[in-house]
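Here the structure is laid out as C-alpha cells; the discussion comes afterwards.
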Amino acid sequence: MPNVEELLDRKFIAGTRVTNCVLHMHTEITKRPDDCKLCLSDLRNHMLLAIRTNEWLNQWKDDATEILTKR
C-alpha cells in the first residue's frame, strides 16, 4: 500500500511531444483536415497522451482513496 508521501511525490512524465505536420501545426488539433496523414498522426499522439494521463490519474485516485479509507 502506498503512503501519503510517496503518493504526493509521484510525477507524471509525459515525454516529448513531436508535431509531425508542420503545414497545419498552427491549426487547433481538432480543426485539422481529416485527409492529412501527418495531422492524423498528431491527433493519435494527443489521444494517446490523454489516455496515459487519465490512467495515471485514475491510479493516483485509487491509491489516494485506499490511503484515506485506511485512516
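Partner lysines whose Cα lies under 29 Å from the Cα of K61, excluding those fewer than 8 positions away in the same chain, are identified as K11, K70.
Taking the radius of gyration and the Kirkwood hydrodynamic radius from Cα positions alone, what is the Rg/Rh ratio for the chain, to two decimal places? Please report the intermediate quantities before stating the final value.
Values: Rg = 17.6 Å, Rh = 14.6 Å.
My calculation of the ratio gives 1.21.
Our summary gives the chain a relative contact order of 46 percent, counting only alpha carbon pairs under 8 angstrom and 6 or more residues apart. Can you tell me the orientation of helix 37-70 relative to the chain, as the angle in degrees between its alpha-carbon axis and the longest Cα principal axis, to the nearest 10? So the inclination is approximately 10 degrees.
Taken together, the values in this text are just the output of simple stated rules run on the coordinates, not laboratory data. None of the values given here were measured: they were computed from a predicted structure.
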